[in-house]
Structures are given as structure tokens and as C-alpha cells.
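Enquirer: My questions will all concern the structure given below.
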Amino acid sequence: MKVIDVIKGEKPSLSFEVFPPKTDDKLESVLEATAEIAKLKPSYMSVTYGAGGGTSKYTTDIAVNLKNLGVTPIAHLSCISSTKADIKSKLTELKEKGIENILALRGDIPQGMSLDHLEYHYASELTKEIRDFGGFCIGGACYPENHPESPNSAADIESLKIKVESGCEYLTTQMFFDNNILYNFMYRLYRAGVNVPVVAGIMPVTNPAQIKRICSISQQALPQRFLRLVDRYGDNPKAMKQAGIAYATEQIIDLYANGLNAVHVYSMNKPDVAEAIQKNISEIIA
Ligand code: FAD
């Protein structure tokens, strides 16, 4: 099934993201966690590619496993460190294995990497190549608070426009913790004529390590309401988990209530977090 058909459907969609293991010995536990999340029968699930410490090695295998479990998978694919030949062989493999959905990404530029002789510079180049290859539903990433390399929001939106013209059918957002930021961003997209569906990416912050990471990479404005939770419960794992799930749930309900039809939860291979969120909104997405 193509994810664009799910997102454009009448029913609100709720999907989850998982990431491959860092090391081979962790594959089994990642597959188990993924299977547990799949039991929730989400609208679809995405599998990252070399992000957040995971490798790119198992993205396809995990996506195929999800498909076998009856859940529509998206395989992420990044291009910055790839050659055209690498991408062609990856697309051939994905097609042969029956994967129909790709999230086309540039990927972060590795520190110290020479930019000379790169075969890809932007996600839009990969997007166009996948479109020309044919047969895939293509999504892309977007950043309600601008991509860190963008000089300003106009330039960022301009690059999204190019991405969409290159074949990107929908955009999934970077995490954000204040829904007004997303609503403002969507207005800017609308003004610029970028009219593909937007899937809101929501991160339930459930432990101190995540908080540290978010603060270190953060372009994200962290609202006082969120920071107070972290101050109060950051040292109490069980309380932080409960508070983080409640915060994410509130964000999600507000998004659906304001007409957004698709929410993607960065569930970080945590079946219990995915389940708690789904339970909290079961009637809303029924
Ligand atoms: P691009 O869309 O190419 O944008 C990168 C920068 O270039 C932006 O500043 C943009 O404004 C600018 N730009 C784009 N096109 C042009 C142009 N034509 N001219 C001038 N400037 C331009 N990373 C992974 O490694 N693996 C993953 O699985 C992964 N999954 C992600 C999922 C989501 C939903 C999101 C939001 C991010 C994900 N990332 C992942 C991180 C992503 O790879 C990084 O944020 C990366 O730095 C940018 O990737 P992109 O695809 O957004 O790049």
C-alpha cells in the first residue's frame, strides 16, 4: 500500500518510527520491539536509515519484516554519502522486496567530509531519481523551525518547493513541542503554494538522555510548559515517562482537532510508549 493513500484517507492516521540497531547483536531485540509495535496495527511504520546511531544495514530487512507482519512499511533512504550506482542498486533491492514507500533524505553531512565530488547534494536530487526509477511513493523531511543549515525560513520553504516539484508527495516534520510552530509553518507552506500533505512528527520525551540530545541539537523552541516537566520529573524516570506521554498525547489531540490528519510518532523502538499513546487516543482515531 502507498502511504500517500493512507494519509489522504478519511480516517486520521497514526504511525510509528523505529530505527535499526547500532550493532549486529542487537538486531534480534530491535526486531522484537518492532513486532510488538506492529501488533498495535498502526497506519504504517517507518524505518530510519543510519540515523540516531542506528546503521543503514538493516533498514530493508526490518521494513520487509514489517510487511510480513501486515504493516505498511516506509524505508528511509539517505544519499549524501552514496553514489548514483549505490542508490540504483538500493532502489532495485527495495522494489524486488516489495517495499513501496521511501522517505527520501539527504542525510546529515558527516563531520570533516569533503564536499568535492559528491554525487548528491540535496534530497530533491534523490527524490527525482526515485521518481524516475518509478513505482515508489516518495516522502520527504521538513522542519517547522527551519533546517539548521538554512539561512532563513523563506530559503527553507523554497527548497521544500523544489523537493515537491522533484516528486515528493508528502512531508513529515521534524519533532516540535509547540503546535503553534507547526500551524505557522503550514501557513507559510500554503502561502508558497506547497500543498502536499504534512505529517506531524511527534516525539514523546520519556527519559533524560533524550532531553539532553534534544537540547543539544535543538533548533526546537522548548516551551516553558515542556521545560517545567523536564525540570520537575527529569530525574524520575517513571514520572518523566508518564509526563512525556501525556504531553505528546495532548499535542496529538490538538493537531487532530485542528484538522491535521496524519501524526507520526518517533516511538524510538519503545512498544510501551507507542501503546500508551495509541490507547490515549483510541476513540479519536477510531
Ligand atoms: P534537504 O532537503 O536536502 O535539505 C538540506 C538543507 O539544504 C536544508 O537547509 C535545505 O533548505 C537546503 N536545500 C535543499 N535543497 C536545496 C537547493 N536545491 N538549493 C539550496 N539549498 C537547498 N537522517 C538520516 O540519516 N536517516 C534517517 O532515516 C533520517 N530520517 C529523518 C526523518 C525525518 C522526518 C526528518 C525530519 C529527518 C530525518 N533525518 C534522517 C535527518 C536528515 O537527514 C537531516 O536533517 C539532514 O541534515 C537533511 O536532510 P533533508 O532530507 O531534509 O535534506
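The values are calculated or read from the model by the stated rules, or taken from the named source; none is laboratory data. Keep in mind that what you see is a predicted model, and the values were worked out from it rather than measured. Note that we place each Cβ from the backbone using ideal geometry, even for glycine, and neighbour counts take in every protein chain shown. Surface accessibility is based on the protein's heavy atoms, side chains included, excluding ligands, DNA and RNA. Shrake-Rupley method; radii C 1.70, N 1.55, O 1.52, S 1.80 Å.
Enquirer: Once you wrap a convex hull around the alpha carbon atoms of segment 90-219, what is its projected area averaged over all directions, in nm²?
Expert: Numbers: hull surface 38.5 nm².
Averaged projected area of segment 90-219's Cα convex hull equals 9.6 nm².
Enquirer: For the chain, what is one quarter of the convex hull surface built on the Cα atoms, given in nm²?
Expert: On the way: hull surface 58.6 nm².
For the chain, the mean projected area of the Cα convex hull comes to 14.6 nm².
Enquirer: Further question on the same structure: Taking springs between alpha-carbon atoms closer than 10 angstrom, which of Ile157, Ile109, Ile202 fluctuates most in the Gaussian network model of the chain?
Expert: Judging by the Gaussian network model, the answer is Ile109.
Enquirer: Quick one: net charge around Glu158, please, counting Lys, Arg +1 and Asp, Glu -1 for every other residue with C-beta under 13 Å from its C-beta. Don't jump to the answer; show the numbers that get you there.
Expert: Values: positive: Lys161, Lys163, Arg188, Arg191; negative: Asp156, Glu165.
Neighbourhood net charge equals +2.
Enquirer: Now for a separate question. Counting only protein heavy atoms, what percent of the accessible surface of the chain is carbon or sulfur at a 1.4 Å probe?
Expert: 51 percent
Enquirer: For segment 275-286, in order, what is each residue's ³J(HN,Hα) by Karplus, 6.51 cos²θ - 1.76 cosθ + 1.60 with θ = phi - 60°, in whole Hz (x at glycine and Pro)?
Expert: My calculation for segment 275-286 gives 5, 4, 5, 4, 5, 4, 10, 4, 6, 5, 9, 5 Hz in order.
Enquirer: What are the ³J(HN,Hα) couplings of segment 170-179, residue after residue, when phi is run through the Karplus curve with 6.51, -1.76, 1.60 and θ = phi - 60°? Round to Hz, x for glycine and proline.
Expert: 7, 10, 10, 7, 4, 4, 8, 10, 9, 4
Enquirer: If we count every other residue with Cβ under 14 angstrom of Lys39's Cβ, Lys/Arg +1 and Asp/Glu -1, where does the sum land? If you can, show how the numbers build up before the last one.
Expert: Numbers: positive: Lys41, Lys270, Lys279; negative: Glu32, Glu36, Asp272, Glu275.
Within the 14 Å Cβ shell, the charges total -1.
Enquirer: Roll a 1.4 Å probe over the protein chains and send me the accessible area per residue for segment 3-280 in Å². All intermediate terms of the calculation are to be shown ahead of the outcome.
Expert: On the way: 13190 Å² over 278 residues.
Ligands and nucleic acids excluded, the figure is 47 Å² per residue.
Enquirer: So who's got an amide H within less than 5 Å of the one on Val199, skipping anything under 5 residues away but keeping other chains? H placed 1.01 Å off N, in plane.
Expert: Here Leu171, Thr172, Thr173 satisfy the definition.
Enquirer: Here is a further query. For the pairs Lys41/Lys67; Lys95/Lys128; Lys22/Lys67, flag any whose C-alpha to C-alpha distance is greater than 19 Å. Intermediate results must be reported in sequence, preceding the final value.
Expert: Values: Lys41/Lys67 12 Å; Lys95/Lys128 16 Å; Lys22/Lys67 22 Å.
Beyond 19 Å between Cα atoms: Lys22/Lys67.
Enquirer: So which of Lys26/Lys161; Lys8/Lys279; Lys26/Lys241 end up more than 28 Å apart by C-alpha?
Expert: On the way: Lys26/Lys161 39 Å; Lys8/Lys279 23 Å; Lys26/Lys241 23 Å.
Checking Cα-Cα distances, Lys26/Lys161 exceed 28 Å.
Enquirer: Next up: Students often forget the sequence filter, so: which aspartates and glutamates lie under 15 Å Cα-Cα from Lys39 once same-chain residues fewer than 8 apart are removed?
Expert: Filter leaves Glu17, Asp272, Glu275.
Enquirer: Provide the FRET efficiency to the nearest 0.05 for the Asp86-Ile284 pair, computing r from the beta carbons and using R0 = 41 Å.
Expert: Details: r = 42 Å, r/R0 = 1.02.
Once rounded, the FRET efficiency stands at 0.50.
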